[in-house]
Amino acid sequence: MRIGFIGLGNMGGPMALNLIKAGHTLIVNDVRREAAAPHLERGAKWADNPRAVARESELILTSLPGPKEVEAVALGPDGIIHGAQPGSVYADLSTGSPTVMRRLHAAFKEKGIHLLDAPVSGGAIGAQRGTLQVMVGGDEAIYNEVRSVLLGVGHKVGYMGPIGSGTIAKLVHNMISITVRQLIAEGFTLGVKAGVAPEALLEAIQGASFGQGLILSHMIPDVVLKGEFDKVRFALKLARKDVGLATELAREYDVPMPMAALGEQVMIEAMARGWGDKDSTSPWMLQEEAAGVKVRATR
Ligand code: NAD
């Protein structure tokens, strides 16, 4: 396929190289022309601006810093929209804004150009190895048309829903993956200050339920999506006792644990609701109530 690739940075550079390796013909552009050197060496063609890239491409991909750059590259005076052929597909691989993606989708639709949001996760190393998770939003039929190409940038490609859904999934993932680090830092500083070596803590946590990924592999599919908070696997009153003992230990050792304290307060509220004999996952229902939404299986 003739693929246009704009934005050859830490992520886009290796993703574009993998597409060349997969046998596609690439037309590339970046504000830093030197970023395209490895691609041009391997037979890619240079185009001076996004409009010129789009004119020659069946599929246009962008990997740009954020929504501001994506909007400029998509709609600017030399933007993709002015070069792309009706019937062609533009998929943005950057992490951006679902609102901007919806706005771009509407503008491109008027010109008969299909737009997908397709952010990726897995870091620069995943981009080099082609092991990224790609999260795609947009028209499902168009997704199915380009899925095999996207498998060339990441071997896990998933359909998330209408336009903007890929970006929402990506933002949810990053919010969880980034903020949970603070909670882990609280735990490790407590463990080390209370006398356990970090390597031992790592071994314990890697082998235990959290390290084994049970929240994602078991708790969410088997409890939350089914709404089975009354089926007790581990009682809330016992989980609350454990978190209470940990925050007590942190007080003894003068270790501030703001996120753990917040988590404990939510558990106290759930206990006050009379949920002590429900499953330890039941505080999830407080968040659902606060957010005005339930997280239950749809298929
Ligand atoms: P980067 O800064 O390394 O690359 C961005 C590239 O876009 C640069 O080469 C830059 O010169 C180019 N660029 C900027 N404005 C341009 C324009 N107007 N026209 C053409 N080219 C332009 O960033 P990155 O780390 O490759 O990230 C790209 C996207 O992927 C971001 O949205 C980021 O949030 C996301 N992301 C990054 C990682 C990571 O680990 N680096 C992981 C997953 C997702």
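Some points to look at:
- Looking only at residues of the range 94-118 that are more than 16 Å from residue 60 (Cβ to Cβ) and within 16 Å of the ligand (Cβ to nearest atom), we find that the one that is surrounded by the fewest Cβ atoms within 10 Å (Cβ to Cβ) is 99.
- Filter result for residue 193 (among the basic types (Lys, Arg), surrounded by 13 or more Cβ atoms within 10 Å (Cβ to Cβ) and out of contact with any Gly (no Cβ under 6 Å at 6 or more places or on another chain)): yes
- Matching residues in the range 57-68 - criterion: being open to solvent by 60 Å² or more (accessible area, probe 1.4 Å) and more than 12 Å from the ligand (Cβ to nearest atom): 58
- Considering residues of the range 69-93 that are among the small types (Gly, Ala, Ser) and surrounded by fewer than 18 Cβ atoms within 10 Å (Cβ to Cβ) only, the residue farthest from the ligand (Cβ to nearest atom): 87
- Against the conditions (1) touching a residue at least 12 places away in the same chain (Cβ under 8 Å); (2) open to solvent by 70 Å² or more (accessible area, probe 1.4 Å), residue 241 satisfies every one except (1).
- Selection status of residue 239, in a helix (DSSP H, G or I) and within 31 Å of the chain's Cα centre (by Cα): yes
- Candidates in the range 137-186 are the residues that are in contact with a Lys or Arg (Cβ under 9 Å, 6 or more places away or on another chain) and either more than 16 Å from the ligand (Cβ to nearest atom) or of a type in the set (Val, Ile, Thr) (or both); of these, the one that is most open to solvent (accessible area, probe 1.4 Å) is 162.
- Looking only at the range 119-136, and only at residues there that are surrounded by 19 or more Cβ atoms within 10 Å (Cβ to Cβ), of a type outside the set (Gly, Ala, Ser) and not in a loop (DSSP other than H, G, I, E, B), the one that is farthest from the ligand (Cβ to nearest atom): 136
- Each residue in the range 251-299 was checked for being among the polar types (S, T, N, Q) and either in contact with an Asp or Glu (Cβ under 9 Å, 6 or more places away or on another chain) or assigned to a loop (DSSP other than H, G, I, E, B) (or both), and 4 of them qualify.
- Within the range 6-49, the set of residues being more than 9 Å from the ligand (Cβ to nearest atom), surrounded by 13 or more Cβ atoms within 10 Å (Cβ to Cβ) and either β-branched (Val, Ile, Thr) or on the phi > 0 side of the Ramachandran plot (or both) comprises 20, 25, 27, 28.
The values are calculated or read from the model by the stated rules, or taken from the named source; none is laboratory data. If you're wondering where the values come from, they're calculated on a predicted model, not measured in any experiment. Neighbour counts are summed over all protein chains in view; Cβ atoms, including those assigned to glycine, are modelled from backbone coordinates with ideal geometry. All accessible areas refer to the heavy atoms of the entire protein, side chains included, with ligands and DNA or RNA removed. Shrake-Rupley method; radii C 1.70, N 1.55, O 1.52, S 1.80 Å.
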